[in-house]
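Values quoted throughout were computed directly from the atomic coordinates according to the rules given, and no laboratory measurement underlies them. Keep in mind that this is a model prediction, so the values were computed, not measured. Because the Cβ atoms are built from the backbone with ideal geometry, glycine has one as well, and the counts that use them run over all protein chains shown.
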Amino acid sequence: MQKILFQGDSITDVGRSREVERLSGSGYPTLIAAQLGYEAPGAYEFLNRGISGNRISDLLARIKVDIINLQPDVLSILIGVNDVWHEAACQNGVHTALYETLYDVLIAEVKAALPEIRILILEPFVLRGSATEAAFDEFSAEVPLRAAAAKRVAEKHGLEYIPLQEKFDAACRLAPPEYWLADGVHPTPAGHELIARAWLEQFAR
């Protein structure tokens, strides 16, 4: 049985249960678990350890208990928008260079502890919305910098990288931004489906 661990912030957390492992929230981790679990009953175990509000520094701080100790076969990480949002909201963000350094350390530590692990890095994304409108110039400038840093880390370590910003931008030509991201950050059901489809496409390769 392959153990798949989803890590990240509120976009991954999405109301997951802290008591019942199979209740993995209402977002893309559950959509992925639903499809893979249906197609291959008993072949996978799914864990969601996303925590709302997390930045890369928070994820690194819990690397042992919430990643390494769980010994996943597959690790999926989506982190970065809070590194920008916390700066815009309360001057407590993580600037790009530090974000990249901490991400690099996290990946190096995980690979050292779990050398056979498969890691998928998801691109942070943002759209104009109620949570981002007031500081959208900052969001639109800074989130792509975190995305580029995440991609560099993925390339350095030979990991799989899943682009998402272009997919959301393209989706906005079909329906307005709030149809995909309710507030410019948090996906709607359709937005989570977009992420899940991109993830599953990469996972099947």
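Of all the numbered requirements in (1) surrounded by 14 or more Cβ atoms within 10 Å (Cβ to Cβ); (2) hydrophobic (A, V, I, L, M, F, W, C); (3) in a helix (DSSP H, G or I), F125 misses one, and that requirement is (3).
Considering the stretch 169-197, the residues that are crowded, with 18+ Cβ neighbours inside 10 Å and within 23 Å of L75 (Cα to Cα) include one that is nearest to the chain's Cα centre (by Cα), namely I195. Restricting attention to the stretch 112-143, the residues being farther than 22 Å from T12 by Cα and of a type outside the set (A, V, I, L, M, F, W, C) number 5.
On the stretch given as the stretch 167-205, residues that are part of a helix (DSSP H, G or I), within 21 Å of W85 (Cβ to Cβ) and of a type in the set (D, E) total 2. The one condition from (1) hydrophobic (A, V, I, L, M, F, W, C); (2) surrounded by 21 or more Cβ atoms within 10 Å (Cβ to Cβ); (3) in a helix (DSSP H, G or I) that F46 does not meet is (3).
Cβ separations smaller than 6 Å between residues 6+ apart or across chains give the following pairs from the stretch 33-58 residues that are closer than 28 Å to W85 by Cα to residues that are among the hydroxyl-bearing types (S, T, Y) and not in a helix (DSSP H, G or I): N48/S24. Contact map, the stretch 130-142: first residue within 17 Å of V94 (Cα to Cα), second residue part of a helix (DSSP H, G or I) and of a type in the set (G, A, S), Cβ cut-off under 6 Å, separation 6 or more or different chains; pairs are A135/A88; E138/A88.
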